[in-house]
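Written below as structure tokens is the structure these notes are about.
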Amino acid sequence: MSCQAVLEPDSVACVECGTRIGVSADGARPVSPLAQGSNTLNYREDRNNREFSANLSDIAINGLGEVLGGFFAHRAATQKVSSSNRQIARDPEYLDSRTLPANGTAAQQDADIVHDLPPVSPPTGQPNGEKDRIARILSIKGDSLELIDNRLKAINFSDFAKRLTYLALYAREIEGRTSTREAEVKQLLKSAKVWDRAGNVSKWLGKRIGITSDGEESIKLTAPGREEATKFLGETLDSNIEDKWNPDRYTPKPRGARKKKKA
């Protein structure tokens, strides 16, 4: 009541200012530490238990309101409790509904009000993690993938095929699939105009560089391949990196006339 410090349980005096419990600052008259309203706060956290209990006056709770609000808002933003975030707050409508004594002071008790809040949506136009980032390059339509931006910042034909393959498998991982049908990846490469007649891309895909087989007809990224995929994704979305090669800008070099063999 003198310095507004938090009292230790079962203490006879304040450890900060030395004033005895129930005695005013001048020692002239006894006062009740909770005479101006009692607020009981209880905080519980699951998984290995974490509990907090406090009985504070109106004056003390007003001083701690901002601190507690910031703490629980941070907890709600960084932890998943059940299927939703949770935040402890003082509900004005709840407090207004409480019985008021004759002197007009609210006798708040059991102020342990827990609200289940829906997940907070990100601001409009802001990416929501890797899923939104990859969606700027590839569109997932059921069992098929569609390339919607072929500016993958590749330097040549083979680099483009590699980047597109890794990004396709990474897109499926983000979606929640552990593997992708190889036929689906081949179809994407064909629609992107990088499935060459010479079979170079098919040979590279068969070498399983950065990828591995997951069953007879499915493939997935290895750890090094996943690291490359995230690097390719960052480079693709970086406007400061020049896009040196893509299928729309590629013009095959004309072949020269064949020389006749001498008899």
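Here are some notes:
- The calculated FRET efficiency for the pair ARG136 and VAL6, based on their C-beta separation and a Förster distance of 35 Å, comes to about 0.10.
- Using a simple spin-label model with pseudo-atoms 7 Å out from Cα toward Cβ, ASN42 and ALA223 lie 4.6 nm apart.
- At an R0 of 25 angstrom, the distance between the Cβ atoms of LYS193 and ASN240 translates into a FRET efficiency of 0.45.
- The label point for LYS231 and the one for SER213, both projected 7 Å from the Cα toward the Cβ, are 2.7 nm apart.
- Protection proxy ranking, peptides 225-236, 172-183, 203-214, average beta carbon neighbours within 10 Å, highest first: 225-236, 172-183, 203-214
- Residue separation of SER144 and CYS17 scaled by 0.36 nm, minus their Cα-Cα distance, works out to 38.6 nm of gained length.
- In terms of its Cα atoms, region 125-227 spans 43, 30, 26 Å along the principal axes, sorted from long to short.
- Of LYS131/LYS207; LYS141/LYS207; LYS162/LYS244; LYS162/LYS220; LYS220/LYS244, those spanning more than 25 Å from alpha-carbon to alpha-carbon: LYS131/LYS207; LYS141/LYS207; LYS220/LYS244
Rule-based calculations on the coordinates, nothing more; no lab input. The model shown is predicted, which means the values in this text are computed figures rather than measured ones. For neighbour counting, all protein chains shown are included, and Cβ atoms are generated from backbone atoms with ideal geometry for every residue, glycine included.
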